[in-house]
Amino acid sequence: MARLTALMTALALVSLLCAGQAVARAVGYVLDPETSFVEYSVAFGPDRIIGTIPIRQSEFRLDPATGADSRVVVELDATGARANFPFASQALIGPKVLDAARHPVIRFESDTVRISGETARVEGKVTIRGQTRPVSLDVTAYRQRGTEPGDLSRLTLLVTGSVRRSDFGATGWMDMVSDEVAIRIVVRIARSE
């Protein structure tokens, strides 16, 4: 009888562990391109150049429990990059900065995602001007308005970080414009499966 009880307990534990793994698996999400945006800002003397870069395509597979099985890939359209100063938009996509004619895509791909409560640290690689470098991004997740606690079907992600443009050979106008570029991304996604 004791062996039967031990066997039943072991089976129950295995069932619970397997159920937990099934719940923690990564699930797909789709981006809402109308309400999502990528914004950058960079110091320009005492002012700041602020602009946007359109999202071309994205892939989100998120493991909300640990992040271990998550995968994020985002491609931006460098040719559509804009700034709040008209001349800055032209300079931005030109050969001294993004060189968008030769390198029309900016690509980010995650390597690791570590989740801690409602925040995450995403380590990955970004490719700008055909050069790939590591980048770290901080992510805060919010349930969208009107959803119940625990409902992760619709999320808003606030992503922040920075890159040094010189790391990618984007060295135009370094005497006037800062090397460090701050990144702020708002992503609205909905569960697809």
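In the list T140, T160, which residue meets the criterion of being within 22 Å of I49 (Cβ to Cβ) and either open to solvent by 20 Å² or more (accessible area, probe 1.4 Å) or free of Cβ contacts under 8 Å to residues at least 24 places away in the same chain (or both)? Before you say what the answer is, go through the steps one by one.
Details: T140 fails: within 22 Å of I49 (Cβ to Cβ).
Exactly one of T140, T160 is within 22 Å of I49 (Cβ to Cβ) and either open to solvent by 20 Å² or more (accessible area, probe 1.4 Å) or free of Cβ contacts under 8 Å to residues at least 24 places away in the same chain (or both), namely T160.
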Next item on the list: Report, ordered by the first and then the second residue, all pairs with beta carbons closer than 6 Å, sequence separation of six or more or different chains, a first member in segment 113-133 that is farther than 28 Å from L98 by Cα and in contact (Cβ under 8 Å) with a residue 24 or more places away in the chain, and a second member that is open to solvent by 70 Å² or more (accessible area, probe 1.4 Å) and assigned to a strand (DSSP E or B).
Entry: R114/R121
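Can you confirm whether P64 is over 19 Å from V139 (Cβ atoms), open to solvent by 30 Å² or more (accessible area, probe 1.4 Å) and part of a loop (DSSP other than H, G, I, E, B)?
Numbers: over 19 Å from V139 (Cβ atoms): no; open to solvent by 30 Å² or more (accessible area, probe 1.4 Å): yes; part of a loop (DSSP other than H, G, I, E, B): yes.
No.
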Notebook entry, point to check: Residues G51, G28: which one is more than 20 Å from G161 (Cβ to Cβ), in a strand (DSSP E or B) and open to solvent by less than 60 Å² (accessible area, probe 1.4 Å)?
Noted result: G28
Next item on the list: Among the candidates T119, T112, T79, single out the residue that is open to solvent by 20 Å² or more (accessible area, probe 1.4 Å), of a type in the set (S, T, N, Q) and at pLDDT below 95.
Entry: T119
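Of all residues in segment 164-187 being of a type in the set (V, I, T) and surrounded by fewer than 17 Cβ atoms within 10 Å (Cβ to Cβ), which is farthest from V42 (Cα to Cα)? Before the answer, list the steps.
Step one: list which residues in segment 164-187 are of a type in the set (V, I, T), which gives 171, 177, 181, 183, 185-187.
Now narrow it down to the ones that are surrounded by fewer than 17 Cβ atoms within 10 Å (Cβ to Cβ): 171, 186.
Details: T171: 13, V186: 18 Å.
Top of the filtered list is V186.
The values are calculated or read from the model by the stated rules, or taken from the named source; none is laboratory data. Nothing here was measured: the structure is a model prediction, and the numbers come from that model. So basically every Cβ, Gly included, is an ideal-geometry build from the backbone, and we count neighbours across all protein chains shown. Calculation scope for accessible area: heavy atoms of the full protein, side chains included, ligands and nucleic acids excluded. Shrake-Rupley method; radii C 1.70, N 1.55, O 1.52, S 1.80 Å.
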